[in-house]
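The structure appears right after this line, and notes come after that.
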Amino acid sequence: MDIQQGDVLLFQTVDGGDININNGIVEMSGGLETAAYLSLFGGNEDDDGRDDNDANWWGNLLENETSKQYRSETQFLLQAFPVNSSSILRLESANKRDLAWFVSDAVASSVDSDVTIPGVNKINMDIDIDAIGQESSFNFLENWKFET
């Protein structure tokens, strides 16, 4: 029996995250994809990232290290505001804040985000993480969930 190493590879779909299972074996990854995905879409989507917010994800109550808590401002913004140029700038900033732990915990030397609108109510997030000389790029296409 082969031992699987790394993290379960999570990827974005139009209705949330998913995994691949091939021949009964879950696809794994030794890269940063899963950590980036959980940083952007983990936790409670009603949590706006403020410390005084009562919508904090329950799993954060057991974690003392702030960098290991899921406080996805990105996920919150996707359902809190309408799509416009101001929201795009806020989303890019939220991406960088949600992924800042990569730099503060010395996993990476830099994180960058570029957000575009590829279609009606769609957001494309290009994330670049320079993991101390080895660049990783991820793309997350997400539905904008704001309802009027």
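The values are calculated or read from the model by the stated rules, or taken from the named source; none is laboratory data. Quick caveat: nothing in here was measured; it's all calculated off a predicted structure. Backbone-built Cβ (ideal geometry, glycine too); neighbour counts: all protein chains shown.
What is the one condition in (1) among the acidic types (Asp, Glu); (2) at pLDDT 85 or above; (3) part of a loop (DSSP other than H, G, I, E, B) that Glu135 does not satisfy?
The single condition Glu135 does not satisfy is (3).
Just checking, which of Gly30, Gly6, Gly24 is surrounded by fewer than 11 Cβ atoms within 10 Å (Cβ to Cβ), more than 14 Å from the chain's Cα centre (by Cα) and closer than 22 Å to Ser136 by Cα?
Details: Gly6 fails: surrounded by fewer than 11 Cβ atoms within 10 Å (Cβ to Cβ); Gly24 fails: closer than 22 Å to Ser136 by Cα.
Being surrounded by fewer than 11 Cβ atoms within 10 Å (Cβ to Cβ), more than 14 Å from the chain's Cα centre (by Cα) and closer than 22 Å to Ser136 by Cα holds for just one of Gly30, Gly6, Gly24, which is Gly30.
May I ask you to list the residues in the range 103-124 that are buried (at least 16 other Cβ atoms within 10 Å of the Cβ) and in contact with a helix residue (DSSP H, G or I) (Cβ under 6 Å, 6 or more places away or on another chain)?
Result: Ala108, Val111, Ser113, Val115.
Ala94 - would you say it is buried (at least 19 other Cβ atoms within 10 Å of the Cβ), touching a helix residue (DSSP H, G or I) at 6+ places or on another chain (Cβ under 7 Å), over 26 Å from Asp15 (Cβ atoms) and among the hydrophobic types (A, V, I, L, M, F, W, C)?
Answer is no for this residue.
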